[in-house]
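One structure below.
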Amino acid sequence: MREAAFVKQNKEKWIAFEKAITLNANISPDELADGYIHLTNDLAYAQTYYAESKTLLYLNSLASLAHQKIYKNKKENRNRIVDFWKTEFPLFFKQYHRTLGIAFLIFASATAIGSISALNDSSFVRLILGDAYVNETLNNIAEGDPTAIYKGGSEIGTFLGITINNIRVALLAFAFGVITSLGTAYILFSNGVMLGAFITFFYTRDVFFEANKQIWLHGTIEISVIIIAGCAGLIMGNSILFPKTFSRRVSFMKGAKDGLKVVVSTIPFFIIAGFIEGFITRYSNMPNWLAFLIIGSSLALVLYYYIFYPIILNRINAKQAGPLSGT
């Protein structure tokens, strides 16, 4: 390859990496490491084919600067955990918004299927939810309290049990990505069908409003974050199916690491959902305005953190980088 063609092919990549390391942009350690690996590969190529050229001098200088930033000037960040949720994860997650959209579509489609099936087949709900749960809920409806099932047990016990169970479901949705995206899609689909049947069951019993007002107090965050955990599984599964320019092993390792970051990000949200279910959902006599305020605030929190905040943060980061001259 001619030197001019080599520079033209890689110039934008080099400039972007130079911006990140010289202007102290909010770049994640993984992105910094990937950029450095690509840079050293290009440097080795230039050393072989373009000895003593300006391109080689530039790449040597950039590689030296990157090495210093990665290895020599590394400082321990006392607020590493805070920084992960505040900047590192939102900046990282923006690239996976499309995957999140796919996870949502799978779950929403399954919910619609579960709802339609429950409307057209009265035995479907029992098949999905089990006779014991359906019978208990029917008794609660007859007694005028369709969501009485959420009032059983102690508040702390319910909080801990629900939180642990929700995290287990999230890890399952992620882990099934090991058998490609189809595994995670199955978990999303089965949970979506269950939700559709569950909600429609209350509709067929004429307690749709009363039940949903309580269910979505905790369900708004709980269901949203299960979809996000499904996104994590799809990230890992897609890394197996679509390795792009990486070997399948390297692609899988990267996909697994990225998916795990997404799962870790959901833990505080599952704790919030568990707290709401353990301490708040049980109060079925709360005013409607308060219930809808909690539901609306929960939805806004999830949408802001996973959708809008990453977009805003990436735009700020791009503006701070600004224009920079090339080679």
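The table that follows gives values for the structure above.
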read-out: Residue count for the range 108-161, restricted to those that are of a type in the set (S, T, N, Q), modelled with pLDDT of 95 or more and touching a Phe, Trp or Tyr at 6+ places or on another chain (Cβ under 9 Å); value: 3
read-out: Matching residues, the range 76-108, being more than 19 Å from the chain's Cα centre (by Cα) and in a helix (DSSP H, G or I); value: R80
read-out: Any hit, the range 224-247, residues being charged (D, E, K, R), part of a helix (DSSP H, G or I) and either in contact with a Pro (Cβ under 7 Å, 6 or more places away or on another chain) or closer than 22 Å to G101 by Cβ (or both); value: no
read-out: Per-region count, the range 265-302, residues out of contact with any Lys or Arg (no Cβ under 6 Å at 6 or more places or on another chain), touching a residue at least 60 places away in the same chain (Cβ under 8 Å) and either among the acidic types (D, E) or assigned to a helix (DSSP H, G or I) (or both); value: 20
read-out: Selected residue [under 21 Å from Y203 (Cα atoms) and in contact with a Pro (Cβ under 9 Å, 6 or more places away or on another chain)] from N120, N135, N140; value: N140
read-out: Pairs, first free of Cβ contacts under 8 Å to residues at least 12 places away in the same chain in the range 188-216, second crowded, with 16+ Cβ neighbours inside 10 Å and in a helix (DSSP H, G or I), C-beta under 7 Å, six or more apart; value: F208/F202
read-out: Selection status of T200, assigned by TED's automatic domain parsing to the domain that holds F242 and under 30 Å from F242 (Cα atoms); value: no
read-out: Qualifying residue in the range 273-280 (condition: out of contact with any Asp or Glu (no Cβ under 8 Å at 6 or more places or on another chain) and charged (D, E, K, R)); value: no
read-out: I179, sole failed condition from (1) in contact with an Asp or Glu (Cβ under 9 Å, 6 or more places away or on another chain); (2) touching a residue at least 24 places away in the same chain (Cβ under 8 Å); value: (1)
read-out: Some residue of the range 305-327 being surrounded by 14 or more Cβ atoms within 10 Å (Cβ to Cβ), hydroxyl-bearing (S, T, Y) and without any contact (Cβ under 8 Å) to a residue 40 or more places away in the chain; value: no
read-out: Residue within the range 240-254 that is buried (at least 24 other Cβ atoms within 10 Å of the Cβ) and assigned by TED's automatic domain parsing to the domain that holds I141 present; value: no
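The values are calculated or read from the model by the stated rules, or taken from the named source; none is laboratory data. Just so we're clear, the structure is a prediction, and the values are computed from it rather than from any experiment. Virtual Cβ from ideal backbone geometry, glycine too; neighbours counted across all protein chains shown.
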